[in-house]
Amino acid sequence: QVQLVESGGGLVQAGGSLRLSCAASGIKLSINAMGWYRQAPGKERELVAYITSGGSTNYANSVKGRFTISRDNAKKTVYLQMNSLKPEDTANYYCNVGTTLRSYWGQGTQVTVSS
């Protein structure tokens, strides 16, 4: 059974930092891209960042220079280091892990940034 276990969300003041983790288990195929999405109340889910199996990264313009995505292939884990957080970063953050056949979603972890 495939599981994506996310952790690291919470409440932080503006300007603070959080580090999200997402550990995948039960995936038998090779993992390609791993990414983070977020969804704020009343808004559509949006891509925050992704990282390919080769280590190439891509970020939403709104988080460039503040967030860093990384992965540990041996642990099948993807991380999102979030610095200089802003109230507009408040959302439920979801990890996504892709294989050649399909992608999988985590259950989400809430990030709340107070002003």
**Report entry** Inter-probe distance in nm under a simple model that places probes 7 Å from Cα toward Cβ, at A60 and L11
**Finding:** 2.3 nm
Requested in this report: Just the number, please: carbon plus sulfur as a percent of the accessible area of the range 16-103, 1.4 Å probe, no ligands or DNA/RNA counted.
Outcome: 47 percent
Query raised in the report: So what is the accessible area of the chain per residue, in Å², with the probe set to 1.4 Å?
Result: 54 Å²
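Tell me the net charge near T68. Cut-off is 15 Å between Cβ atoms, T68 excluded, with +1 for each Lys or Arg and -1 for each Asp or Glu. Mind dumping the intermediate values first?
Values: positive: R19, K64, R66, R71; negative: D72, D89.
Neighbourhood net charge equals +2.
Placing unit charges on C-beta atoms (Lys and Arg positive, Asp and Glu negative, everything else neutral), compute the dipole magnitude of the chain about its Cα centre in debye, rounded to 20.
200 debye
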Query raised in the report: Farthest toward the dipole's positive end in the chain, which of N83, G106, L18, given Cβ charges of +1 (Lys, Arg) and -1 (Asp, Glu) about the Cα centre?
Result: G106
Query raised in the report: Could the peptides 74-85, 2-13, 52-63 be put in order, highest first, of the mean number of other beta-carbon atoms found within 10 Å of their residues?
Result: 74-85, 2-13, 52-63
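Can you tell me the convex hull volume per residue for the chain, based on C-alpha atoms, in Å³ to the nearest whole number? Spell out each step's value before the answer.
Working: hull volume 11.0 nm³, N = 115.
Taking only Cα atoms, the chain has a hull volume of 95 Å³ per residue.
The values are calculated or read from the model by the stated rules, or taken from the named source; none is laboratory data. Predicted model, so just to flag it, every value in this text is computed and none were measured. Cβ sites come from the backbone with ideal geometry, for glycine too, and all protein chains shown count toward neighbours. For the accessible areas, the whole protein counts, side chains as well, though only heavy atoms, and no ligand, DNA or RNA atoms are used. Shrake-Rupley method; radii C 1.70, N 1.55, O 1.52, S 1.80 Å.
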